[in-house]
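Okay, so here's the structure we're looking at.
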Amino acid sequence: YMILIAVTLAVAAIPEGIPLCVTISLSIGCSEMVKKNVLVRKLAAVETLGSASVICSDKTGTLTEGKMTMVNMYAGGVEYDVEGKGFDPTVGGIRRGKGGTDAKADVAVRSSLLAAVLCCNTTISKVKDPETGDEKWEPKGNSSEAPIVVAARKVGLDEKISREYKRILEVPFSSSRKMMLTMSDVSGRDVLCAGGMPLPQGTQMLSVCKGAPNFILDYCTGQLAEDGSTTPMSAKDKQDVLDVVDKYSERALRVLAIAARPFDSMPFDTANEDITTDQKFEACRSNLTLLGLVASIDPDRDGVPESVLAARGAGIRVVMITGDYLKTAVAIARNVNILRACDDEEVAAVDCARLRPNDEYLAHEKMDELTSSVRVFARARPEDKLEIVKSLQRQGAVTAMTGDGVNDAPALNQADIGVAMGIQGTEVAKGASDMILTDDNFCSIVGAVEKGRIIYAGIQKFVAFIMSVHIAEVIQIFICIVVGIPVMRTPLQILFLILVTDLPVCIALAMEPGERTVLKDRPRPKEEPVVLGWMWWSMTLNGIVVAAVVLGIYLWALAIYCDGEVLQDRIAELPDHDAKLMDARTVAFISLVWSENCRSYCSRTFDRPVYTNLLGNSAMQKALGIASVALYAGVLTPFFSTLILELDGVGIGLDGWAIALMGPLVCLVLCEGCKIITIYQMNSYQRHLAECRLNDDLMRHEQNVAFDRIVSISSQASREGSYHPSFAVSQELVHFPPGRFPWHMTHGPHGHAEDYGLQRAGSDPLLGNGLVGPGTKLEAVQSFTECASRSSCSMVSDGSYQDQKVVLD
């Protein structure tokens, strides 16, 4: 008997249905995400999505359509407008300025476009739309090269012309070089092409570079004039070109520079197999002549600005990481609402070169300080993505990172949620990711985050439901043992209850439609448990209610079917006591299943009445139907019910069914009443979270204000040439709230290598991070690197050391 009791108690206490329900709910969530163009490769990613606090996104093809159209050119010192839309080369042309003369015969235009085509691997052709049957022009190859090929065709230069120029060498584009280089055979030609620039006598080969303007200009010593001649390029000329680049970039145009250099022989030994690609590249890229600029627009994807705003409303920070020029990145970021009108571009947008001055990444503290406020990273390399993710994770952010290239794989693997592109993504990137966007659309990420939050909320609901069932079972068994009442259920009945009648209901709770405000909540902390403190109270209260109600029904049934006896010893003395006990247990079992069915509707929400959107979850109606069929099959099927489950739905008669019906009615009323307590606890928890967030925001604000004052004090002292200690002591006192304080700040006035720190009054400087308690008296300390080894922080002035402290109370 004691072994049977122990087994019964173990079955009642262990929530064996939770792993099964979690797996099923996550799997259902994955299948629903596929309909939203999100293919989840790892089930755990569904749950992680709900806590995502930062989304790091590529630009091309994700925030934008990835369908570039050339709208402007700059060649021979002249700006041109490129007319037309899309990839149709038969529509539009190239004109000098707005509405100017046709420029398809201009030497600089033809020379720039042909050279660009020689440095492209993209073609365009007509294809039939499988849906409409209409023919349309589509590119095959790199999206950045497509507008060049289209524009070249508009001036009569088919990309097939490149076959007449045998390609001898190709150095593909890389994120470190920021350009592509080709070497083509132009032997026997006096001009580059019909109507193009003249080639020097004896020219055998032409090196062409295509890529980022600021990188290519570093290697240019000449520029193409309007008449096709070549003139030297001064620093002022380079600045004039960069001004044009800035003008185009501010309109969210992607600008590529085209440069070339004729050679009478290969600039390296072709017979030497030990020469690396980089060495060949260096040999071919020197003393280039700038031919022109091409500026293309990549339209924003429909719905992206709204999705970015929705993400911001959900407390998710959207960060754009792109290889584009900084001004282009800023313009696009403003278009899609990543940058707001009030944002300071100097703070919110940076060139990734700032992450790695002298090609070495910043120290962790400085890197974290920089990435904490930046929302646009321009001129990024794949390795930059990895460092940015690591920095954000050190700050406690749950990061989703997008990527499509082979080099993006480390960043995708490092991120909490790696998101690969389904259309443009490589197999390596997909293999390293947790989920794949089948449409490469940023909106799909936000939709997946929303779905992830809904799924997580559903998991919380059914975990609370299952746990309250187990709490009720344990309470019932405990009371039966202590009081001496026959144990209400056998182990097999408990398993049947949890894995058969309750399982469909739990799965339906996981499929509960999300609240309309699900994207208005802040991301949950990564370390936050699934079951919060107030949920434990709710589960316990519901468990006590169910235990009390069903135990009352059981005692009632015992009194009726066991001749007024309720204690086990007395019942054992009755004739045919096993059959009588079976009837009482059957009534209690039916009442419990019905009570759980009613309570499942209550469990759809923690803080709203049961009638709110009562039939809003169609899965719940189906689940109750399955649970009811399982119940009636379990208590009415001959042999199975009486000999295996030890239940007899026929033997209890109508009176037994009527008694069982009382349980769910009472349970429904009491469980709804428990929500009053749950609502109070929920509101208290939310107020606590709001206060913590407010304190964090206030602390960050006051820290920034305090440091600004310290810098201002130091700057003024530097300008006056005075470092007398009394100068700083007389300044305004600053109050810091209790909590963690970042001790170091970088970039002091005048570009000195200064560290601003804090130390406790009268003590040595504190290094690293520390805790500041209420009322702690602190001193702001400034030190130059010359005195970094001194035990006390001092300043250098006219070759001597003098103490300089700002007292912060």
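The values are calculated or read from the model by the stated rules, or taken from the named source; none is laboratory data. These figures come from a predicted structure and were not determined experimentally. Glycine gets a Cβ as well: all are built from the backbone with ideal geometry, and neighbour counts include every protein chain shown. For accessibility, only protein heavy atoms count, side chains too; no ligands or nucleic acids. Shrake-Rupley method; radii C 1.70, N 1.55, O 1.52, S 1.80 Å.
Structure above, values below:
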quantity: Residue 64 long-range amide H proximity, modeled H, under 5 Å; calculated: 301
quantity: Protection-proxy order for peptides 297-310, 167-180, each taking the mean of Cβ atoms within 10 Å per residue, highest first; calculated: 297-310, 167-180
quantity: Amide proton proximity set for residue 351, modelled H, under 5 Å, gap of 5+; calculated: 378
quantity: Ellipsoid equivalent to the range 290-342 - semi-axes via the Cα gyration tensor, in Å; calculated: 26, 12, 9
quantity: Farthest positive-ward along the chain dipole, Cα basis, beta-carbon charges - from 76, 478, 355; calculated: 76
quantity: Dipole axis of the chain (+1 Lys, Arg; -1 Asp, Glu on Cβ), positive-most option in 50, 120, 199; calculated: 199
quantity: Gyration tensor (alpha-carbon) shape descriptor, the chain, a/c threshold 1.5; calculated: oblate
quantity: Rounded if a/c under 1.5, otherwise prolate or oblate - the range 81-190, Cα gyration tensor axes; calculated: oblate
quantity: Shape of the range 58-99, Cα gyration tensor, a/c cut at 1.5; calculated: oblate
quantity: 0 to 90° range, to nearest 10: angle between helix 107-118 axis and the chain longest Cα axis; calculated: 50 degrees
quantity: Positive-end residue, the chain charge dipole about Cα centroid, Cβ charges, pick of 99, 66, 676; calculated: 99
quantity: From phi via Karplus (6.51, -1.76, 1.60), per-residue ³J(HN,Hα) for the range 320-334 in Hz, x at Gly/Pro; calculated: 9, 10, 9, x, 6, 4, 4, 5, 5, 4, 5, 4, 5, 4, 5
quantity: Of all accessible heavy-atom area on the chain, the percent that carbon and sulfur account for (1.4 Å); calculated: 56 percent
quantity: Nearest 10 degrees, 0 to 90: helix 533-561 Cα axis against the chain principal axis; calculated: 30 degrees
quantity: Estimated dipole of the range 373-441 in Debye, rounded to 20 [Cβ of Lys and Arg +1, of Asp and Glu -1, Cα centre]; calculated: 320 debye
quantity: Protection proxy ranking, peptides 360-366, 684-690, average beta carbon neighbours within 10 Å, highest first; calculated: 360-366, 684-690
quantity: Dipole in debye (nearest 20) - the range 298-389, about Cα centre, beta carbon charges: Lys, Arg +1; Asp, Glu -1; calculated: 200 debye
quantity: Sequence ranges 585-591, 209-215, 269-275, ranked by mean other-Cβ count within 10 angstrom, highest first; calculated: 585-591, 209-215, 269-275
quantity: Gain on full stretching of the segment that runs from residue 161 to residue 136 - 0.36 nm per residue minus C-alpha separation; calculated: 6.8 nm
quantity: Accessible-area order (highest first, 1.4 angstrom probe) of the listed residues 466, 560; calculated: 560, 466
quantity: Long-range HN-HN contacts of residue 317 with modeled amide H, under 5 Å; calculated: 54, 55
quantity: For the range 600-676, alpha-carbon Rg over 2.2 N^0.38 Å; calculated: 1.37
quantity: Helix axis angle, 618-636 relative to the chain longest principal axis, alpha carbon, degrees; calculated: 30 degrees
quantity: Contact order relative to length of the chain, as percent, for alpha carbon pairs under 8 angstrom and 6 or more apart; calculated: 11 percent
quantity: Calculated [θ] (222 nm, deg cm²/dmol) that DSSP helices of n ≥ 4 give over the chain, each run adding -39,500 (n - 2.57); calculated: -14000 deg cm²/dmol
quantity: Violating pairs (Cα-Cα greater than 31 angstrom) within the set 128/280; 98/210; 154/327; 210/327; 104/126; 430/622; calculated: 128/280; 430/622
quantity: Probe 1.4 Å, accessible area per residue of the chain, Å²; calculated: 44 Å²
quantity: Percent RCO, i.e. relative contact order, over the range 1-148, from Cα pairs under 8 Å lying at least 6 residues apart; calculated: 14 percent
quantity: About the Cα centre, charge dipole magnitude for the chain (Lys/Arg +1, Asp/Glu -1 at Cβ), debye; calculated: 1020 debye
